[in-house]
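Please treat every number below as a calculation from the coordinates, not as lab data. Model, not experiment: these values are computed from the prediction. Here Cβ is always computed from backbone atoms with ideal geometry, including for glycine, and neighbour counts include all displayed protein chains.
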Amino acid sequence: MTAQILDGNALGQKLRAGFKFKTDELAAHGVRPGLAVILVGEDAASQVYVRNKVNACAQAGIHSEKYLFASDVAPQEVFDKIAELNADPKIHGILVQLPLPKHFDAEAVLEAIAAEKDVDGFRAENVGALMQGHPCFIPCTPYGAMKFFEDAGIRLKGKEAVVVGRSNIVGKPMAMLLMHAGATVTVCHSQTQDLKAHCLRADILVAAIGRPKMITADMVKPGAVVIDVGINRLPDGKLCGDVDFESAKHVASFITPVPGGVGPMTITMLLANTLESAERALTA
């Protein structure tokens, strides 16, 4: 058996084709969706992510603004910029690229973003709304994973789901979304004993732990759906996920590649959230 590839580039393009209708509809009301991206420091990976997000906005007809700060910038300068963007009616979404330098309180920075512009869904009140099953904005990476299930017709109700990783950005919201969809969810992490035994129970296996090729084929239940959120750079410069793709694809029924899987969908759902924010602003 060879798994069917869940292609994030293809699904992302399909979804983005539908965004043009929304941007045209908003334009008819004199509104152009706007996203502001803040990057602090010179982290190479973050610079790539920001560039990809800005390019995706341009392709979707979304106005974008990019604000770059040196790594030693005083946090107050970033807070002042966020306050300015909160008050700017042209901006419907604000994204602060993580990670931030060590002298920043990342939680305080994220909380400074207005809830109605928190298109990453990271503010405490938006996290709480997600837990209650009434999200304002769904965090983009888990949102993209759910779109894979929807597009491929993968049934979640009653399935055993295992999420490896408990981050606020991916692991926890992913678990909540799977639970709301009717799956029975186990969250594993660095303290989990016998990780392999947990993974082998999974009909749906989501790897988001940040360790290259940690999930091997012998940890995958035959026929499982594998979502690989990890993106790691190997010593030879190549990218890989948290799953050993080449071996796992012969065990799973569906699997996401790295690159080209979850990454493009994360950006796609960021655009979707920005459009939704603009639509809400229009009717407010």
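The dipole here belongs to the stretch 148-223: it is taken about the Cα centre, uses +1 on the Cβ of Lys and Arg and -1 on the Cβ of Asp and Glu, and is about 120 debye.
For the stretch 168-183, the Karplus equation 6.51 cos²θ - 1.76 cosθ + 1.60, evaluated at θ = phi - 60°, returns couplings of 5, 7, 10, x, 5, x, 4, 4, 4, 5, 5, 5, 4, 7, x, 7 Hz by residue, with Gly and Pro reported as x. The trypsin sites (Lys or Arg not before Pro) of the stretch 235-284 meeting both criteria, a DSSP state outside H, G, I, E and B (loop) and at most 11 other C-beta atoms within 10 angstrom of the site's C-beta, are Lys238.
Averaging sequence separations of C-alpha pairs under 8 Å and six or more residues apart, then dividing by the length of the stretch 173-282, give the relative contact order as a whole percent. Walk me through the numbers before you get to the answer.
On the way: 166 pairs, mean separation 22.5, N = 110.
It comes to 20 percent, rounded to a whole number.
Model label points for Asp151 and Glu42, set 7 angstrom from Cα along the Cα-to-Cβ axis, are 3.7 nm apart. Measure nothing fancy, just the Cα-based angle from helix 44-60's long axis to the longest principal axis of the chain, in degrees from 0 to 90, nearest 10. Here the helix axis deviates by roughly 70 degrees.
For the chain, modelled as a GNM with alpha-carbon contacts under 10 angstrom, which of Met146, Met269, Met214 fluctuates the most? Result for the chain, Cα springs under 10 Å: Met214 fluctuates most.
Dipole orientation for the stretch 1-92: of the candidates Pro33, Gln4, Val73, Gln4 has the Cα lying most toward the positive pole (charges on Cβ; Lys, Arg +1; Asp, Glu -1). For the stretch 1-90, what does the alpha-carbon gyration tensor say about shape, rounded, prolate or oblate, given a ≥ b ≥ c as the root eigenvalues, a/c under 1.5 as rounded, and a/b over b/c as prolate? The shape class here is oblate. Classified by the C-alpha gyration tensor, the stretch 141-262 has a rounded form. Its axis ratio a/c, with a ≥ b ≥ c, is below 1.5.
Can you show me the helix-derived [θ] at 222 nm for the chain, built from DSSP H runs with n ≥ 4 at -39,500 (n - 2.57) apiece and divided by the number of residues, rounded to the nearest 500. Don't jump to the answer; show the numbers that get you there.
Details: 10 runs with 119 residues, N = 284.
Result for the chain: -13000 deg cm²/dmol, rounded to the nearest 500.
For the chain, modelled as a GNM whose springs connect Cα atoms under 10 angstrom apart, the maximal fluctuation among Ile255, Ile38, Ile267 occurs at Ile38.
I need the per residue convex hull volume for the chain, using only the alpha carbons, in cubic angstrom as a whole number.
Output value, Cα hull per residue: 130 Å³.
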